[in-house]
Amino acid sequence: MKVLHFFKTYYPETMGGIEQVIFQLAEGGIPLGIQSEVLYLSRRGSARSERVAHHLSHRSKLSLHVASTGFSLSAFRDFTELASEADLIHYHFPWPYMDLVHFATRLRKPTVLSYHSDIIKQKRLLKLYQPLMHRFLGTVDHIVAASPNYVATSPVLGLFRDKVSIIPFGLDKKTYPIPSPERLAYWRARLGERFFLFVGALRYYKGLTFLLQAARGGEMPVAIVGCGPLKAELHALANDLGLSNIHFLGILPDEDKAALLTLCYAFVFPSHLRSEAFGISLLEAAMYGRPMISCEIGTGTTYINIAGKTGLVVPPSDSLALRYAMQTLWEQPQLAERMGHEAASRFEALFTAEAMITSYTKLYRNCCFGADQ
């Protein structure tokens with residue numbers, strides 16, 4: 001079976017959570033007879049059949065970028081040609097341009113849509129987009145959410161409940177590099193034996209201003225891995241607060257990220273808005289058996305991190321509660337260790353790439369050949 005994934009960006013240009021999910025599906029589906037290809041937009045222009053690991057990606061030239069939405073003139077043609085060769089189209093929502101392409105090309109193929117997030121920030125534009133969005137979601141054959149938490153709290157998914165199923169995102173630790181003793185020693189010497197870790201883009205919904213405020217006092221080191229539009233603002237805030245215990249590490253090679261996940265005392269994930277629909281980096285922390293701190297925002301973050309079991313959950317936008325949670329884990333190593341073990345166990349039970357890929361493969365076959373296949 002040939003599946004075409006369609007999303008606004010992909011490896012190697014960007015390295016976000018949705019890209020990771022697409023990568024895991026594309027690679028993991030190969031042994032099950034699923035041949036996946038990916039079409040995305042790129043400032044580098046159009047190109048066909050570029051290899052990413054063991055699957056192919058294609059790029060259409062990015063013509064315009066407005067309100068976090070990429071547009072492309074060439075993608076209409078590229079999508080039409082690639083979709084004609086596919087058995088099934090796998091959309092990744094939200095991306096309003098994708099809806100336009102779907103209708104403009106008059107697609108006549110089975111469709112699966114991964115619903116990664118409600119549209120949170122662009123509220124005014126959402127009112128204009130809503131009729132197209134509802135028509136698009138009503139047209140696709142099946143919608144998949146990554147957690148029951150999100151289905152229960154999303155006003156959009158509530159309108160399409162009869163075609164929504166839940167398949168949690170999953171990861172394969174074998175695809176992560178094993179850090180060398182030298183890299184482990186380097187980071188241990190730089191950050192100390194105990195430190196908190198955050199990994200992710202430095203964006204408005206990540207709650208990092210609250211993390212910096214929570215870190216005041218200097219006794220708990222915090223390593224921040226990632227880059228993004230709030231980089232300068234966060235550096236300035238750390239300087240204003242006199243935070244000598246904050247380590248901005250930027251974007252790191254995969255081996256260094258794996259080393260930090262291996263070494264960190266606990267993982268802190270202060271995302272405070274529903275734009276954080278799941279949290280792949282939080283899932284990575286669970287995979288590495290790290291205790292977690294996250295916020296209750298009604299999304300998949302508290303499907304990964306169960307309060308009092310795999311870590312601690314605090315109210316969003318509350319730096320005092322966040323600091324208290326960090327101190328609780330810092331002062332109780334046995335509690336932190338137990339929660340880390342629980343996190344790893346929950347990961348193995350619910351969030352492996354194998355489980356995700358098996359579920360999606362069954363869904364693909366049902367959409368193409370019927371429920372009996």
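Gyration tensor over the Cα atoms of segment 327-373: the corresponding equivalent ellipsoid has semi-axes (square roots of 5 times the eigenvalues, largest first) of 40, 8, 6 Å. Of S72, S117, S180, the residue with the greatest mean-square motion in the GNM of the chain, using alpha carbon springs below 10 Å, is S180.
If the cut-off is a Cα-Cα distance under 25 Å, which lysines reach K231, setting aside same-chain residues fewer than 8 apart in sequence? Output for K231: K8, K121, K123, K206, K257. When you restrict to C-alpha pairs under 8 Å that are six or more residues apart and normalise by the size of segment 237-326, the relative contact order lands at 23 percent. Applying Stokes-Einstein at 20 °C and 1.002 mPa s to the Kirkwood radius of segment 299-364, computed over alpha-carbon pairs, gives a translational diffusion coefficient of 158 µm² s⁻¹. With Cα atoms as the point set, segment 132-181 shows a radius of gyration and Dmax of 16.3, 54 Å.
Each Lys and Arg Cβ is given +1 and each Asp and Glu Cβ -1; about its Cα centre, segment 286-373 then shows a dipole of about 80 debye. When all protein chains stay in place and ligands, DNA and RNA are ignored, the 1.4 Å accessible-area order of S244, S281, S49, largest first, is S244, S49, S281. Across the options P177, T111, I224, the greatest Cα extent toward the positive end of the charge dipole of the chain (unit charges at beta carbon of Lys, Arg, Asp, Glu) belongs to T111.
Taken about its Cα centre, segment 166-250 carries a charge dipole of about 200 debye when Lys and Arg each add +1 at the Cβ and Asp and Glu each add -1 at the Cβ. For the chain, the alpha-carbon coordinates run over 59, 42, 38 Å along the three principal axes, in decreasing order. What do you get for the angle between helix 17-28 and the principal long axis of the chain? Use alpha-carbon atoms, 0 to 90 degrees, nearest ten. Taking Cα atoms only, the helix is inclined about 60 degrees. Secondary structure note: in the chain, about 15% of the DSSP beta bridges are antiparallel. Our summary gives the chain a relative contact order of 15 percent, counting only alpha carbon pairs under 8 angstrom and 6 or more residues apart. Specify the inter-centroid distance of segment 309-345 and segment 11-37, based on alpha-carbon positions, in whole Å. Between the Cα centre of segment 309-345 and that of segment 11-37, the gap is 32 Å. Here segment 193-235 is treated as an ellipsoid with the same Cα gyration tensor; its semi-axes, largest first and in whole Å, are 18, 12, 8.
Taking the Cα centre of the chain as origin and assigning +1 to Lys and Arg Cβ atoms and -1 to Asp and Glu Cβ atoms, the resulting dipole is close to 880 debye. Can you give the log10 of the normalised intensity I(q)/I(0) at q = 0.10, 0.18, 0.19 Å⁻¹, computed with Debye over equal Cα scatterers of segment 149-252? For segment 149-252, the Cα-only Debye profile gives -0.45, -0.96, -1.00.
The values are calculated or read from the model by the stated rules, or taken from the named source; none is laboratory data. All values derive from a computational prediction rather than experimental measurement. No Cβ is skipped: glycine too gets one built from the backbone with ideal geometry, and neighbour counts run over all protein chains shown. Just the protein is used for accessible areas: all its heavy atoms, side chains included, with ligands, DNA and RNA removed. Shrake-Rupley method; radii C 1.70, N 1.55, O 1.52, S 1.80 Å.
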